[in-house]
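S.K.: Quick one: the structure is below, questions incoming.
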Amino acid sequence: MSNRVLKWMRTQRDTGRWRNTDAMYRAVVVGVGLIVAGVLVHQLALVLFGAPLLISALLAMARPQPGEPDVRQPKLPRALEQAQLAEAVFEIDADPGVELVALRAPHGKVRGVGPVHLLPGTVKNVRTTLGYGGWGEGVDLRLDRLFAGPDALRVFGPVVGTEGRRTILPPVKLLPAGPLPPRPSGLVGVHRSPRPGDSTELRDIRAFQPGDRLRRVDWRVSLRASASAGGVMSPSMLHVRERHADADASLVLAIDTRVDVGAELAEWSTALVGNGVRVGGSLDTSVQAACSLAASYLRQGDRVGLVDLGRPQLSLAPGTGPRQLLKLRHQLVICARSAGWAPRPVLRPRQAPTGSLVMVLSPFLDDAMVELTATVARRGIRVLAMDLLPDPLVPAAGDPWGEAVLKVLRAEHTVRLETLREHGIPVLRWGDEVSATLRVLARGRRR
């Protein structure tokens with residue numbers, strides 16, 4: 001008997017064909033039982049109650065089986081902006097025998113499979129709007145469906161739809177970009193190079209030399225020089241304007257994906273579901289800051305690269321242009337998805353070219369980050385540290401040691417930041433004026 005029950009249950013889970021529901025079997029059993037009981041005890045009311053149940057079940061069995069229904073799921077872009085709305089239109093192909101359609105689809109800013117929507121069987125098109133409240137990667141559209149015949153005595157499904165995974169890119173906030181230290185190689189860009197070139201900024205006025213172009217001759221200075229020599233114009237009296245060359249700069253954004261902490265100390269040890277990024281936490285702020293800084297400096301023609309200090313294999317080489325920004329935003333989503341604790345941060349020398357500026361984005365909760373940042377600075381590379389520890393921090397409620405833990409944590413964090421400053425590394429917080437600090441670094445490089 002138990003084998004028959006298991007076999008019947010497996011048949012009920014078969015979603016590839018029309019099947020009878022439990023309501024069908026209950027209608028037959030209860031209908032026959034009431035009719036037999038009414039006949040035996042001579043009660044017409046029991047017969048009148050049981051007859052409609054039995055007749056409806058027999059009519060459902062006698063009807064021809066409808067064809068296999070289907071729902072065509074629309075194709076949406078694989079990558080969308082955080083504030084972008086996407087409209088999905090589902091096309092339902094079902095026979096007239098279908099009376100009810102149950103669709104499980106998201107609507108609005110609900111992510112995941114979404115709630116169940118009950119629709120009449122005559123509906124052919126269903127529209128839903130998908131909104132995205134946060135960045136990251138996950139399932140935003142999985143169309144589960146169930147089709148029901150008359151009186152829901154026969155159903156087709158439930159059918160689990162294909163998951164549509166979408167990448168929501170981190171937001172970009174344009175910032176006023178400051179000058180970066182120019183690279184020693186390259187003759188293009190918007191930053192002044194110490195070498196002569198063809199820029200617009202005057203470097204010096206000197207005597208004409210073989211190989212100089214005539215269009216660089218400063219005729220006013222040349223005429224004054226010839227007038228002081230008696231009015232005789234000779235090649236030795238010619239003077240040319242020498243200008244600075246334009247150089248591009250290289251910015252390397254090094255993000256610490258080893259830790260992700262929020263303002264609540266009690267939640268630091270709590271694991272998160274999904275992409276594992278705390279809203280408003282250090283990793284969320286780090287990703288948004290990296291996107292905004294990259295967009296600002298790529299807009300003025302600089303080279304921007306990305307380094308994942310926890311997993312250096314996920315890093316992105318420096319590049320230029322809008323395509324580099326798109327690649328960097330996608331790579332940040334991958335870094336956040338793979339974020340997790342690593343024993344030591346890693347920043348290889350080839351990931352920070354000579355003459356570049358390395359901006360380290362981290363909450364600096366361990367000494368390994370301070371050692372790495374100081375090591376990069378000792379290589380002769382300009383380093384800027386951006387502290388992303390949430391402020392203010394909230395101690396664990398109900399914990400008698402909460403305030404003491406907070407004081408110790410703040411004291412250790414202050415010591416680490418002072419150590420960075422002792423190594424000549426400027427320390428900023430996200431939201432501070434980055435341009436002014438970069439301007440100071442650029443002036444120091446030129447001196």
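S.K.: Please list the non-local residues whose amide H lies under 5 Å from the amide H of Asp95, H modeled 1.01 Å from N, same-chain partners needing a gap of 5 or more.
M.R.: Answer set, sorted by chain and number: Gly67.
S.K.: Take Thr414, Thr21 and sort them by solvent-accessible surface of the protein heavy atoms, 1.4 Å probe, largest at the top.
M.R.: Values: Thr414 75, Thr21 20 Å².
Final ranking, largest accessible area leading: Thr414, Thr21.
S.K.: Order the peptides 390-400, 288-298, 338-348 from the highest to the lowest mean number of other Cβ atoms within 10 Å of their residues.
M.R.: Packing proxy ranking, top to bottom: 288-298, 338-348, 390-400.
S.K.: Can you work out the Karplus-derived ³J(HN,Hα) for every residue in segment 228-243? Use 6.51 cos²θ - 1.76 cosθ + 1.60 with θ = phi - 60°, whole Hz, and x for glycine or proline.
M.R.: 3J(HN,Hα) across segment 228-243, in whole Hz: 5, 9, x, x, 8, 8, 10, x, 6, 8, 6, 10, 10, 8, 9, 10.
S.K.: Rounded, prolate or oblate: which one fits segment 70-169, using the alpha carbon gyration tensor with axes a ≥ b ≥ c (rounded when a/c is under 1.5, else prolate when a/b beats b/c, else oblate)?
M.R.: Values: a/c = 2.67, a/b = 2.42, b/c = 1.10.
Prolate, since a/c reaches 1.5 and a/b exceeds b/c.
S.K.: Distance between Cα centroids, segment 63-89 to segment 329-408: provide it in whole Å.
M.R.: 42 Å
S.K.: Another one. Can you pull the one-decimal nm distance between simple spin-label points at Ala83 and Val47, each 7 Å off the Cα toward Cβ?
M.R.: For the pair Ala83/Val47, the computed spacing is 7.3 nm.
S.K.: Across segment 295-311, in residue order, what do the Karplus-derived ³J(HN,Hα) couplings come to in whole Hz, using 6.51 cos²θ - 1.76 cosθ + 1.60 with θ = phi - 60° and x for Gly and Pro?
M.R.: Once rounded to whole Hz, the list reads 5, 5, 7, 5, 5, 9, x, 7, 9, 10, x, 10, 10, 8, 5, x, 9.
S.K.: Separate question: For segment 92-106, just list the computed ³J(HN,Hα) in residue order, Karplus coefficients 6.51, -1.76 and 1.60, θ = phi - 60°, integers in Hz, with x standing in for Gly and Pro.
M.R.: 9, 10, 9, 6, x, x, 7, 9, 9, 10, 10, 10, 10, 9, x
S.K.: Around Gln82, which amide H atoms from residues at least 5 apart in sequence, or from another chain, sit under 5 Å from its own amide H, with H modelled in the peptide plane?
M.R.: For Gln82, whose amide H was placed from the backbone, the distant partners under 5 Å are Leu169.
S.K.: OK, next. Using a 1.4 Å probe on the protein heavy atoms, what percent of the accessible area of segment 250-444 belongs to carbon and sulfur? It would help to have the intermediate numbers written out before the result.
M.R.: Values: 4690 of 8520 Å².
That share works out to 55 percent.
S.K.: For segment 31-88, state which trypsin sites (Lys or Arg not before Pro) are in a DSSP loop and have at most 11 other beta carbons lying within 10 Å of their beta carbon. Walk me through the numbers before you get to the answer.
M.R.: Numbers: sites: Arg72, Lys75, Arg78; in loops: Lys75, Arg78.
Qualifying residues, ordered by number: Lys75, Arg78.
S.K.: What's the local net charge at Thr21, with K and R +1, D and E -1, over the other residues with C-beta under 11 Å away?
M.R.: Values: positive: Arg19, Arg26, Arg154; negative: Asp22, Asp151.
After counting each charged neighbour, the total is +1.
S.K.: Long-range amide H contacts for Arg206: which residues qualify at under 5 Å (H placed 1.01 Å from N, peptide plane, sequence gap of 5 or more or a different chain)?
M.R.: Hits under the 5 Å cutoff: Val240, Glu242.
S.K.: Can you tell me how segment 266-414 classifies by the Cα gyration tensor, rounded, prolate or oblate, using a/c under 1.5 as the rounded cut?
M.R.: On the way: a/c = 2.17, a/b = 1.58, b/c = 1.38.
Cα axes put segment 266-414 in the prolate bin.
The values are calculated or read from the model by the stated rules, or taken from the named source; none is laboratory data. The structure displayed is predicted, hence computed values, not measured ones. Counting neighbours? That spans all protein chains shown, and the Cβs are built from the backbone with ideal geometry, glycine included. The area values use the complete protein model at the heavy-atom level, side chains included, leaving out ligands, DNA and RNA. Shrake-Rupley method; radii C 1.70, N 1.55, O 1.52, S 1.80 Å.
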